[in-house]
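Worksheet: one structure, shown below.
Bear in mind these aren't lab numbers, they're just calculated from the coordinates by the rules spelled out. For clarity, every value in this text was computed on a predicted model and none was experimentally measured. Ideal geometry is used to build each Cβ from the backbone, glycine not excepted, and the neighbour counts take in all protein chains shown.
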Amino acid sequence: MIIFVTGASAGFGEAICKRFIKEGHKVIALARREEKLQKLQKELGENFQFIVSDVNDIQTIKNGLKNLPKNFENIDVLVNNAGLALGLESADKTKLEDWEVMINTNIMALVKLTHLLLPEMVKHKKGHIINLGSIAGSYPYPGANVYGATKAFVKQFSLNLRADLYDKNIRISNIEPGLSGGSEFSIVRFSGDKLKASQVYENTKPLLPDDIAETIFWCANLPEHININRIELMPTTQAPAALNVAKSNHKED
C-alpha cells in the first residue's frame, strides 16, 4: 500500500509512518519541518518519501506529489493526522486568532486534502481515508470550545463521506483518541510551557503515539469489505466525565 500521512514529522504522524514502513508499505509524509523529514528518510529508507509544506498549501502539495517517484502514484490510504489545540481558556477569554488557526488546520486542511485525493481513489475504485478525530468531538469539557467543535466536524464529515461513498468501494474511518502523551500536543496547546504540558500526564498512563499507530495500521489492513466507521479509544485510567453542575453561584429566592 501507499500511505499519505499529514503531520508526519513527530508524535502520532511519525509513529504511523514507522508502523507502515515496518511492514513494507510505502509512505508519503507531509510536514513543515524539513530537517525532521530528512532524518526520518535516512532512518526509514527509500520507501519513505516526503513533501515539505504547510498542510493548507494545496498548490505546494500538488507540486510535491508530481515530483515523487513513479512508484508512489495511486495513493491507497490518506491519514489526515495533522491537527492541534491552542489554549484551554474559557470561550470568553480566548484569542480569536487561536480559533482561526484551529479551524484552518483541523477542518479546512483536512477537507482540502480529502478533496484533492478522493477523486483518484474513486476513479480506481479503491481507497481509505482515515481521519484523526478526538473524544473532544463527542464529550464537552471546559476549555475545549473550538477545538472540540473542530473534532465534532471531523466526526460528522467522516460519517457523511461514508454516506456519499458506500457504493464506490471507498472506506472512511474516524479515530477518536482520549488522553494521549508522547507528542507535542500539550506543548503546543500551552504555547511551549513544558511544565504545564507535563502536568497533564502526571500520575496517569496516557495513550502513546505507538498505540494510535497500531490502531490505524489495524484499521487500514482489515479486509476491504470491512469498514470501521469510528474507533473511540481511551487509556484505561480515563472515562467520559459526568456533566458539570455549578453550585457556587446559586442563590435562593
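Count Lys and Arg as plus one, Asp and Glu as minus one, and take only other residues whose Cβ is under 14 Å from that of Lys42; the net charge is then -2.
Answer rounded, prolate or oblate for segment 2-233, using the Cα gyration tensor with square roots of eigenvalues a ≥ b ≥ c: rounded when a/c is under 1.5, else prolate when a/b is larger than b/c, else oblate. Verdict is prolate for segment 2-233.
Applying the Karplus relation 6.51 cos²θ - 1.76 cosθ + 1.60 with θ = phi - 60° to segment 37-46 yields 3J(HN,Hα) values of 5, 4, 4, 5, 5, 4, 6, 9, x, 6 Hz, where x marks Gly and Pro. Charge tally for Asn63 (other residues, Cβ to Cβ under 14 Å; Lys, Arg +1; Asp, Glu -1): 0. Bridgeable aspartates and glutamates around Lys22 (alpha carbons under 16 Å apart, same-chain partners fewer than 8 residues away excluded): Glu14, Glu43, Glu46, Asp210, Asp211, Glu214.
Descending by average beta-carbon neighbour count within 10 Å, the peptides 143-152, 60-69 line up as 143-152, 60-69, the highest first. Farthest toward the positive end of the dipole of the chain, out of Leu96, Met234, Asn81, is the Cα of Asn81, where the dipole comes from beta carbon charges about the Cα centre. If a/c stays under 1.5 just call it rounded; otherwise compare a/b with b/c (prolate if a/b is bigger, oblate if not). Do that for segment 5-77, with a ≥ b ≥ c from the square roots of the Cα gyration tensor eigenvalues. Oblate. Note on the chain: GNM, Cα springs under 10 Å; of Gln49, Gln199, Gln41, the largest mean-square fluctuation is that of Gln199. The magnitude of the dipole of the chain, with charges of +1 and -1 set on the Cβ of Lys/Arg and Asp/Glu and taken from the Cα centre, is near 480 debye.
For segment 158-211, the set of chymotrypsin sites (Phe, Trp or Tyr not before Pro) satisfying both a DSSP loop assignment and a count of at most 13 other C-beta atoms within 10 Å is given as Tyr166. Just to confirm a number: summing +1 for Lys and Arg and -1 for Asp and Glu over residues other than Ser138 whose beta-carbon lies under 15 angstrom from that of Ser138, what do you get? Local charge sum for Ser138: +1. Which whole-number percent is the relative contact order of segment 2-233 (Cα, under 8 Å, 6+ apart)? Computed value for segment 2-233: 21 percent relative contact order. Going by neighbour counts of Cβ atoms within 10 Å, the residues Lys112, Lys194 line up, fewest first, as Lys194, Lys112. Selection among His124, Phe157, Tyr147 by position relative to the dipole of segment 115-164 gives His124 as farthest towards the positive end (Cβ unit charges, Cα centre).
If the only charges are +1 at each Lys and Arg Cβ and -1 at each Asp and Glu Cβ, what is the size of the charge dipole of segment 1-69 around the Cα centre, to the nearest 20 debye?
Roughly 80 debye, rounded to the nearest 20.
A dipole drawn for segment 2-233 from +1 and -1 charges on Cβ atoms has a positive end, and of Cys219, Gly137, Asn63 the residue lying farthest that way is Asn63.
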